[in-house]
Every structure is written in C-alpha cells, then in structure tokens.
Amino acid sequence: MTSEQTGREGFGTRLRAAIDAYGPLCVGIDPHEALLRAWGLDASAAGVREFGLRTVEASRGVVGVVKPQVAFFERYGSAGFAALEEVMAAARAAGLIVIADAKRGDIGTTMDGYAAAWLVPGAPLECDAVTLSPYLGVDALHSALSTAVQHDKGAFVLAATSNPEASDLQRARIDDEESVAERVAHEVAARNIGAPGSLGPVGLVVGATVDRRSYGLSDIVLAGTPILAPGFGAQGAEPGDLERLFGSVASQVVASESRSVLSAGPGALEARIAERAALYRAG
C-alpha cells in the first residue's frame, strides 16, 4: 500500500519537512574508539550507548536527521546491537529521522531478512531509512526497497561514494553509454515514480568530495531523488559549498557530518551542532 492509501506520511514527505524545518545537516553518530576516549567513555557497548544517547539529546530540536554508523556498535556483538537499538529508539522518540548506515546488500531471502530487520515497524532495529549497497545489482535490493515503500520508510543506495578507491568501479562505463553510478541512479529514480511530494522514498549516497558530474550524476539524473552526502565537515566540504556542489538539487541534500561536530565533546556538543546547522541555513 502507498502512503496515500495508509494515510501515513511517506519517507520523502517527512524528510522534506525535516530539511525545511531544520536545514540539511545530519549528525553522524560515529562512536569510534578515539572519540570514545576523548569523551571519557570506555570502548565498550556501554560506552557507545552513552555516546549515542548523548548525541541524540544534543541533536533533539536542533537538526532533523541523525545517522548512526552501525559498524561502531556491531563491533561489540549482541550488547553493541542492544545499544544501537536503544539509541535509534530514543532518536525516533525524539522526533529525529534515523538513517541506519548499515550498507546492506544481498539477494533473495537474505535481502528479505535485512529488510525485516531494519524497515518493518516494531522490529528491534527499526529505523526510518537504511543505506544499501547495489553491487549485487539494484534489482537484488527489491525486497528492501519494496518493504521501505510499503511501510513508509526510506533507503539510500550507494552511487558515488567519497572514498577514492571506489571511483574506478563507480565511474566505469556500461556499453559506453552510462557509468555504473548513473545506471544505479536511473534505476533508483524509477522506484520514485508516482511518489507523492517533491522527494521519493529511495535516495542515493553521493559524496560531497567527488566530482559527481564525472560519474554521470547530473542535476537532471538526480531530480526528485533524496541525496545523502557524506564528506562535509572533517572530510573537507563546507556548508557554504552546498549550492556549488549540488546546484539545482541542493535542496534535496542531507549533509552528513560526524567528526566535525562530535569532536566538540559532550559538554559543547549541542552548541557545535547548532553552530554547524546555522551555517547551512545561512546558505
């Protein structure tokens, strides 16, 4: 069923409202070991739980979106996943849109399992959207994408990532007609046809530090597609670069920052998030 049939707001509509209300800044919840130490926390499941909950509290009412990096919780096993469940539930209860940065991708019943884990209401790991890897084929993600649409959730599919070692694969040409990244973008755009509002439920990950046009990701290709853009802050892109980097699709961008805000420490975190968010809204 579509969001119009259920009476619930679809993911694209909720994301548009969050960006309009708070600006594009998304706070990454990345409790890697060095940051845990800097915050005076143990490198443990208890440490990442405390780190995550403090970040959620500092983000509440200041930004609209947070993005927990699943790997930093997963490394602590079942206790780490329990911490992640608590952090994501707290963030959603605080009215934040939660993008689980899990980069899942597989085929058949395995993809069904990932979809049920992250995108079905009431699941322990329920989030609002999850990142997905298309490199077993975009069609292999069908189960997760259809589950997202069914339950008014979202997904962000990797297209042009900010790590330099990915460029050869993502820029490779298919039959001399389009790049791999462009093919991914076209197949994602097809999933958004007919979605209500200005944004569809299925987005793309496009790094702010890459030349997206060299990947075939023009403004026309990206029209109407939510864009999750890592690379702002510590990786080099700044809020004032948003319009230059993304042109006419800049209003569709969720600009992810982690180290640039988390390095402020727990005492100054809310002020740092507010400062960075204001820079984006100022244009």
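The values are calculated or read from the model by the stated rules, or taken from the named source; none is laboratory data. No experiment lies behind these values; they were computed from the predicted model shown. In this analysis, Cβ positions are derived from the backbone assuming ideal geometry, glycine residues included, and neighbour counts consider all displayed protein chains.
Quick notes on this structure:
- Residues located in the stretch 64-77, provided they are of a type in the set (A, V, I, L, M, F, W, C) and either in contact with a Pro (Cβ under 9 Å, 6 or more places away or on another chain) or surrounded by fewer than 21 Cβ atoms within 10 Å (Cβ to Cβ) (or both): Val65, Ala71, Phe72, Phe73
- Considering the stretch 204-249, the residues that are free of Cβ contacts under 8 Å to residues at least 12 places away in the same chain and within 14 Å of Arg183 (Cα to Cα) include one that is surrounded by the fewest Cβ atoms within 10 Å (Cβ to Cβ), namely Ile220.
- For Ser162, the criteria (1) within 15 Å of the chain's Cα centre (by Cα); (2) of a type outside the set (Asp, Glu); (3) over 19 Å from Ser248 (Cβ atoms); (4) at pLDDT 95 or above hold in every case but one, which is (4).
- Pair list, Cβ < 9 Å and 6+ apart or interchain, from the stretch 265-283 residues that are on the phi > 0 side of the Ramachandran plot and at pLDDT below 95 to residues that are in a helix (DSSP H, G or I) and surrounded by 13 or more Cβ atoms within 10 Å (Cβ to Cβ): Gly283/Pro239; Gly283/Leu242; Gly283/Glu243
- Residue match in the stretch 98-106 (condition: surrounded by fewer than 16 Cβ atoms within 10 Å (Cβ to Cβ) and of a type outside the set (A, V, I, L, M)): no
- Here Pro201 passes the criteria (1) crowded, with 21+ Cβ neighbours inside 10 Å; (2) modelled with pLDDT under 90 except the one numbered (2).
- Arg49 meets all of the listed conditions (1) of a type in the set (Lys, Arg); (2) surrounded by fewer than 23 Cβ atoms within 10 Å (Cβ to Cβ); (3) over 25 Å from Leu132 (Cβ atoms) but one, namely (2).
- One residue alone among Gly80, Gly122 is farther than 27 Å from Glu182 by Cα, without any contact (Cβ under 8 Å) to a residue 24 or more places away in the chain and of a type in the set (Gly, Ala, Ser), and that residue is Gly122.
- Residue match in the stretch 74-82 (condition: over 19 Å from the mean Cα position of the chain (by Cα) and aliphatic (A, V, I, L, M)): yes
- Members of the stretch 51-106 found to be in contact with a helix residue (DSSP H, G or I) (Cβ under 8 Å, 6 or more places away or on another chain), within 24 Å of Leu279 (Cα to Cα) and β-branched (Val, Ile, Thr), listed by number: Thr55, Val56, Val62, Val63, Val65, Val66, Ile97, Val98
- Condition check for Arg37: within 20 Å of Arg259 (Cβ to Cβ) and surrounded by fewer than 17 Cβ atoms within 10 Å (Cβ to Cβ): yes
- Within the stretch 126-139, residues that are without any contact (Cβ under 8 Å) to a residue 40 or more places away in the chain have Cβ atoms under 6 Å from residues that are surrounded by fewer than 23 Cβ atoms within 10 Å (Cβ to Cβ) and assigned to a loop (DSSP other than H, G, I, E, B) in these pairs: Leu132/Gly105; Ser133/Gly105; Leu136/Gly105; Leu136/Ile107, counting only partners at least 6 apart in sequence or on another chain.
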